[in-house]
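Structure, as structure tokens:
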Amino acid sequence: MTSLLVIVVLVLLGIAIWQLTKIFHLTQVGAATYNENPEVASDKDNKVNGYLMFGFLGFIYVFTIYSISKWGNLLLGTPASAHGPQYDSLMSISMWIIGIVQVITQFLLHYFAFIYRGEIGKKAFYYADNDKLEFIWTIIPVIVLAGLILYGLYAWTNIMFIDEESKEDALYVEVYGKQFNWEVRYAGKDGKLGKANIRYIEGVNTLGVDMGDANAQDDIQASELHLPKGRQVIFKFRSQDVLHSAYMPHFRAQMNVVPGMVTQFAFVPTVTTDEMRQDPAIMSKVAHINELRSKQSAKATAEGGAAVEPYTFDYLLLCNKICGASHYNMQMKVVVEDEATFNKWLNSKQTLAAAVKESKKDAAAPATDETSPEKAKDTTNTTKPDSTATMTVAQVTKK
Amino acid sequence: MSAVGHDEIHAHGGHDHHDAHDHHHQQTFIEKYIFSLDHKMIAKQYLLTGTLMGIIGIVMSLLFRMQIAWPEESFTIFKILLGDKFAPDGVMRNDIYLALVTIHGTIMVFFVLTAGLSGTFSNLLIPLQIGARDMASGFMNMLSYWMFFISAVIMVCSLFVEAGPASAGWTIYPPLSALPQAIGGSGLGMTLWLVSMAIFIASSLMGSLNYVVTVINLRTKGMSMTRLPLTIWALFVTAIIGIVSFPVLLSAALLLIMDRSFGTSFFLSDIYIAGEVLHYQGGSPVLFEHLFWFLGHPEVYIVILPAMGLVSEIMTSNARKPIFGYRAMIASILAIAFLSTIVWGHHMFISGMNPFLGSVFTFTTLLIAIPSAVKAFNWITTLWRGNLQMNPAMLFSIGFVSTFITGGLTGIILGDSTLDINVHDTYFVVAHFHLVMGISALYGMFAGIYHWFPKLYGRMMNKTLGYIHFWVTAVCAYGVFFPMHFIGMAGLPRRYYTNTNFPLFDDLADVNVIITLFALIGAAFQLVFLWNFFYSMFKGKKAIQNPWRANTLEWTTPVEHIHGNWPGAIPEVYRWPYDYSKPGHDEDFVPQTVPMKEGEEELHHS
């Protein structure tokens, strides 16, 4: 199918060039030139290209309309966070504004190129400047942009300046990135994340949590991100190796994950995974994807391969900062559920202290000795292991 | 001051040139074509090197576009170009995909659109349009080119390193770029990248200093700053931005070299990789981002301003009409140059820096839209009631305004810190910057080449081939980059080797195929341009002295290149460069060398 498409396009293109060359050659026959130099546009060149400019305007418009109608439904759809609707409304206001400006300016540009195409004997209008016009098209962008800036900054402040103190019931979640997967850690019952540093990484303690910290004992580690609906979630991001970026497109959320520093982002999930699966836009998107996948399966099985599984919608956290060879497959499933289900899920998990204890019991005693955190601390005596305290907190915390 | 300088140079230069002319046969091949001190020859050297690098950069983009459209399929072309190691059985390796993306970005931004564009046209046009016999320092100019050449050679050599060339993206963010354990390309490949760029920066600085000094000191009599063509204004200001910002990239590169080779921790801290804790402590990758973008953002204006200058000049001479708002155009170039140095943080809204900084950078970033809008409106008004001569250069200039508007408008989305959250590092960004600085700057470069080809090679390029080149390119450029906005807003991250691991993105696969097809077709038609370029260089129709009937000084020089540009005295300038279709004159152009008629008034602000 694809190869057929390629061939068709190539053939059509060939015809187009042939025709274009012909047109351009015909224009040369007996053409009076604007000036008698070789290879300078003749009157007919001006005419042909003037019309083509007008045609190109049509192309831009038609292509835009085609794209919007064909691909407009590819977009992310209903936002799943409390700040999402505000983000989307700012986006659509901006899109409408730039869309209108695009339609008008492209029209003027190409229409002028068409209507004022050169003709022998015509003389251009000597028009060097006009302060009033200059003022108008300086002040209009100023006003429009001022509006956009104000609205944008208002939204930015709402989203980014996290008011930690007034959010007592907030859920603290650490998202930890490394080549090439994600892990999460919940603050546990005390609502506080224990300190951590990569120098504490050992055995099951893959996040390098400082087990000497009282806050760390009830922390819970997981490889899937579960979030309760309707509760403020404050994310603390850490990286083990290189830069990553935690991108949760359905929540309109993204923050870089930086080694040596804790970055943060916060939002309130508002739509559970199950609810999102019932969202009409998502349902039609999923149906469309499954149609494509069943075609793919049919093709694969015909060739003796394995069929691909049908797709069910899930929220995702994906890496969005180039981080190495397998960057393209660094993802984690995100599940939003109601508070009760979430708590049930969380309570079924072992606390970190219990997990470490258990693994120590299982493992042979001498192995743990060599890589004990104290030893690591000694060898890098410049280091203060409680990194959470010394590390820069990336975002301003409102007092 | 400039008049004094001019007299001195004039007397001096005039004398020199007589000598050079008389003993023309004594110039050896090496002096004339290789280690030439002549700005016109150096311009041609820049153009050819830039073109060759451009071919490499664009072919790379085709390879990775094919991988995205038909992921992990085997292609014979991969086997041929990448070899069995980088593409076993013709299937591109995932880290090589990143290497191609990285080197494509580096080559296109620095080697093609900085050196190839600004290097070519600054060298060609600055002396010719201001009425100087050559650059202030011909030797430094030669040195600048040859250092650029060496850096290009090193960059190309890095492609043959066993573990692959630099693969951390053209922004080379550490720690990925610092640790060979993190990606193979961060070994010798990255070292060569850094060495190449360090030499490139030195070359760029020597060039820029030369341009600035030349424009300030060597203008001919009567050529006041407000009589300079906009090309010169743009190239002059570009050189200043380069001088201000490139050294910062050099320091970032040096610190990164130290982190990589000498164990310092400027950018690295708390890293656990390949099962061991590294010793780095206390550095910050965010610091590198600041340093990088302090150059990186002005860099995009270093790329686009020369194109703007060329387009302004070409548009006005082909519209047979003065540029609209000459002073506003200069003011907006200066405003853009100033603002360009204080907007770098908009690349870092979600880098983890203080969100208050994000607010500040949103403000400055959206401010830069104002001078850009003024320029776009002025170009459109320049076309209004003109007598437009649709030469290929003019088509590319109009195309430039079109893509600059389309790409620039989405900058309003990305410059807004809030909106950036969800489109950051997606294909939306790729669409934006390719249209606004990639395609637009390339159009500017093509326009410049078509327009000044007669000045460069004394021959004309074939216009029919030029028209075909333009129209196919114009359609394909939109065909490639317009759909990218949609897949970006669907959340598709850039720099993914394949999207097949995300069923969520399955419905974007068709769009990616369409994009790649447009890219392949568009690139194939660049062969039309290359053919036209090289054929016309030797077999093109002979050009006359002033084929476009333009006002600026370069068209008063003889078609045959001579050392010193003008056989006799340097011409004196009596008017601004934009007296096209001025009432009271028989012809529709009045060159700058024509004295004002008795009682003739300046009809523009000056």
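Computed from the coordinates by the stated procedures, all read-outs in this text should not be read as laboratory data. What you see is a predicted model; the values in this text were computed from it and never measured. Cβ coordinates were reconstructed from backbone atoms using ideal geometry, including for glycine residues, and neighbour counts include every protein chain displayed.
What 222 nm value per residue comes from the helices of the protein assembly as shown, counting each DSSP H run with n ≥ 4 as -39,500 (n - 2.57) and dividing by all residues, nearest 500 deg cm²/dmol? Don't skip to the end; give the middle numbers.
Numbers: 30 runs with 542 residues, N = 1005.
Computed mean residue ellipticity for the protein assembly as shown: -18500 deg cm²/dmol.
For the range B:511-595, state which GluC sites (Glu not before Pro) are in a DSSP loop and have at most 10 other beta carbons lying within 10 Å of their beta carbon.
Numbers: sites: B:Glu554, B:Glu560, B:Glu572, B:Glu587; in loops: B:Glu560, B:Glu572, B:Glu587.
For GluC sites (Glu not before Pro) across the range B:511-595 that sit outside H, G, I, E and B with at most 10 neighbouring Cβ atoms in 10 Å, the list reads B:Glu560.
For the range B:184-240, compute Rh as the Kirkwood radius over C-alpha pairs and then the Stokes-Einstein diffusion coefficient at 20 °C and 1.002 mPa s; write the answer in µm²/s, rounded to an integer. Don't jump to the answer; show the numbers that get you there.
Values: Rh = 13.5 Å.
Roughly 159 µm²/s, to the nearest whole number.
Take peptide B:163-176, look around each residue's Cβ out to 10 angstrom, count Cβ atoms belonging to other protein chains, and average those counts.
3
For chain A, compute Rg over Rh where Rg is the Cα radius of gyration and Rh is the Kirkwood radius from the inverse mean 1/r over Cα pairs.
My calculation puts Rg/Rh at 1.13.
Let me see the P(r) profile for the range A:210-330: every Cα-Cα distance counted, bins of 5 Å, each bin given as a percent of all pairs.
Histogramming the range A:210-330 at 5 Å steps yields 2, 9, 12, 16, 16, 15, 12, 8, 5, 3, 1, 0 percent.
To the nearest whole number, what is the average tally of beta carbon atoms from other chains within 10 Å of the beta carbons of peptide B:505-511?
For this peptide, the per-residue mean of nearby foreign Cβ atoms is 6.
Kindly provide the trypsin sites (Lys or Arg not before Pro) of the range B:540-606 that DSSP labels as loop, not H, G, I, E or B, and whose Cβ sees at most 11 other Cβ atoms within 10 Å.
B:Lys597
Give a quick list of chymotrypsin sites (Phe, Trp or Tyr not before Pro) in the range B:477-522 that DSSP marks as loop, anything other than H, G, I, E or B, with at most 14 other Cβ atoms within 10 Å.
none
Tell me the label-point distance for the pair A:Ile100, B:Ala274, using the 7 Å Cα-to-Cβ offset, in nm and rounded to one decimal.
The modelled label-to-label distance comes out at 5.8 nm.
Based on the alpha-carbon set only, what is the convex hull volume of the range B:189-281 divided per residue, in Å³? Could the numbers behind the result be given before it?
On the way: hull volume 10.8 nm³, N = 93.
Taking only Cα atoms, the range B:189-281 has a hull volume of 116 Å³ per residue.
Can you work out the Karplus-derived ³J(HN,Hα) for every residue in the range B:192-200? Use 6.51 cos²θ - 1.76 cosθ + 1.60 with θ = phi - 60°, whole Hz, and x for glycine or proline.
Once rounded to whole Hz, the list reads 5, 4, 5, 5, 4, 5, 4, 5, 4.
Using the count of nearby Cβ atoms within 10 Å as a rough guide to exposure, how do B:Lys582, A:Lys44 rank from fewest to most?
A:Lys44, B:Lys582
Using a cut-off of 20 Å between alpha-carbon atoms, which aspartates and glutamates can reach A:Lys132, once sequence neighbours fewer than 8 places away in the same chain are excluded?
B:Glu602
Between the range A:172-225 and the range A:73-108, how many Å separate their Cα centres?
If you average the Cα positions of each part, the centres end up 38 Å apart.
Quickly rank A:252-264, A:305-317, B:181-193 as a protection proxy: mean count of other C-beta atoms within 10 Å, highest first. Present the calculation step by step, with values, prior to reporting the outcome.
Numbers: A:252-264: 25.8, A:305-317: 15.8, B:181-193: 23.8.
In descending order of packing, they fall as A:252-264, B:181-193, A:305-317.
How large are Rg and Dmax for the protein assembly as shown when calculated on the C-alpha trace, in angstrom?
30.1, 104
Give the angle, between 0 and 90 degrees and rounded to the nearest 10, that separates the Cα long axis of helix B:369-383 from the longest principal axis of the Cα atoms of chain B.
50 degrees
State the volume of the convex hull built on the alpha-carbon positions of the range B:429-511, expressed per residue in Å³ and rounded to an integer.
105 Å³
Quick one: work out Rg over Rh on the C-alpha atoms of the range B:383-542, Rh as Kirkwood radius.
Dividing the radius of gyration by the Kirkwood radius yields 1.07.
Taking each pair of distinct Cα atoms in the range B:322-474 once, what is the resulting Kirkwood hydrodynamic radius in Å?
About 17.2 Å, per the Kirkwood formula over Cα pairs.
Using 7 Å Cα-to-Cβ label points, what is the B:Ile216/A:Ile15 separation (nm, one decimal)?
Result for the modelled spin labels: 6.1 nm.
Work out from phi, with θ = phi - 60° and the Karplus expression 6.51 cos²θ - 1.76 cosθ + 1.60, the ³J(HN,Hα) of each residue of the range A:251-260, listed in order in whole Hz, and give x for Gly and Pro.
9, 6, 9, 7, 8, 5, 10, 10, x, x
May I ask for the angle, rounded to the nearest 10°, between helix B:526-539 and the longest principal axis of chain B, with both axes built from Cα atoms and the value confined to 0 to 90°?
40 degrees
Percent relative contact order of chain A, based on C-alpha pairs within less than 8 angstrom and at least six residues apart?
Rounded, it is 18 percent for chain A.
At q = 0.10, 0.12 Å⁻¹, what log₁₀ I(q)/I(0) does the range B:212-339 have when each alpha carbon counts as one equal point scatterer in the Debye sum?
Taken in order of the listed q values, log10 I(q)/I(0) reads -0.49, -0.61.
Considering only the protein assembly as shown, what is the antiparallel percent among its DSSP beta bridges, to the nearest 5? Spell out each step's value before the answer.
Numbers: 34 of 48 bridges.
About 70 percent, rounded to the nearest 5.
For the range A:141-226, what does the relative contact order come out to in percent, with C-alpha contacts under 8 Å and a separation of six or more?
Dividing the mean separation by the residue count of the range A:141-226 yields 22 percent.
Taking H as built 1.01 Å from N, whose amide H comes closer than 5 Å to the amide H of A:Ala196, not counting residues under 5 places away?
Result for A:Ala196 returns A:Asp210, A:Ser387, A:Thr388.
Return the distance in nm (one decimal) between the two label points of a simple spin-label model at B:Asp586 and A:Tyr61, each offset 7 Å from Cα along Cα→Cβ.
4.5 nm
For the range A:72-82, just list the computed ³J(HN,Hα) in residue order, Karplus coefficients 6.51, -1.76 and 1.60, θ = phi - 60°, integers in Hz, with x standing in for Gly and Pro.
Per residue, the Karplus-derived 3J(HN,Hα) values read x, 7, 7, 5, 5, x, 3, x, 10, 10, 5 Hz.
Within the set A:Lys178/A:Lys344; A:Lys47/B:Lys597; B:Lys375/B:Lys463; B:Lys40/B:Lys597; A:Lys229/A:Lys321, which residue pairs have Cα atoms separated by over 31 Å?
The pairs that break the limit, which is 31 Å between Cα atoms, are A:Lys47/B:Lys597; B:Lys40/B:Lys597.
State the dimensionless ratio Rg/Rh of the range A:263-315 (Rg: radius of gyration of Cα atoms; Rh: Kirkwood radius).
Expressed as Rg/Rh, it is 1.20.
Per residue of A:238-250, how many C-beta atoms from partner chains lie within 10 Å of its own C-beta, taken as a mean?
Counting Cβ atoms of other protein chains within 10 Å of each residue's Cβ and averaging gives 6.
Give the angle, between 0 and 90 degrees and rounded to the nearest 10, that separates the Cα long axis of helix A:84-115 from the longest principal axis of the Cα atoms of chain A.
That helix lies at roughly 20 degrees to the long axis.
On a full-extension model of 0.36 nm per residue, what is the gain between A:Arg277 and A:Thr312, subtracting their alpha-carbon distance, rounded to one decimal in nm?
11.8 nm
Going by amide H atoms built from the backbone, whose H comes under 5 Å of the H on A:Gln264, apart from near neighbours?
A:Phe237, A:Ala394, A:Gln395
Eigenvalues of the Cα gyration tensor times 5, then square-rooted: what semi-axes does that give for chain B, in whole angstrom, largest first?
For chain B, the semi-axes come out at 41, 26, 25 Å.
Considering the Cα positions of the range B:100-241, please state its Rg to one decimal place and its Dmax as a whole number of Å.
Every Cα atom of the range B:100-241 included, Rg and Dmax give 17.9, 61 Å.
Averaging the inverse of every distinct alpha carbon separation and then flipping it gives the Kirkwood radius. What is it for the range A:101-165, in angstrom units? Before the final figure, lay out the partial values.
On the way: mean 1/r = 0.0617 Å⁻¹.
For the range A:101-165, inverting the mean 1/r across all distinct Cα pairs yields 16.2 Å.
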